[in-house]
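Everything below concerns the one structure shown next.
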Amino acid sequence: MTDRDAEFARKLIRHLDRGAAQMKPGMVYRLQQAWARALAGTAVRPVDAGELALAGIGGPVSGGRHSGWGVAARWLAVALLLGGIGFGWQQWHAVQQVREFAEIDTQLLASDLPIDAYLDRGFQNWLKTSFER
């Protein structure tokens, strides 16, 4: 906390203390009762052994059990995400292969080899083995 924050906190506390000192006793009593009810509503309950307690995922529904539809929807979302990632990777890989083949074709067509060399089976086998390396 910086000095500026600490000074602001001190001023705020003084202002709230002055306001509380000017309150009527009945109002103070009602505020104390409301505060007690609010704290009673936040009582800590024991966690069941089968209950999964994760922050930010959502709380248990009734009796510490999760809704079947909520869990199924989460698993469906995870499955769709993984499927989308897998499909995207496969498409990217296919595009990379097409680019490699196009580059090889361009290099071959731009070379000074005669057409008969491309028709020779030995040359085709040499291309396959040299490409696989």
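Readers should treat all values here as calculations from the given coordinates under stated rules, not as data from a laboratory. All of these numbers come straight from a predicted model, not from anything done at the bench.
Summary of computed values
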| read-out | value |
| --- | --- |
| Difference of contour (0.36 nm per residue) and Cα-Cα distance, residue 28 to residue 103 | 18.7 nm |
| Extension gain from residue 116 to residue 87, taking 0.36 nm per residue of separation minus the Cα-Cα distance | 6.4 nm |
| Global form of region 1-40, assessed from the alpha-carbon gyration tensor, a/c cut-off 1.5 | oblate |
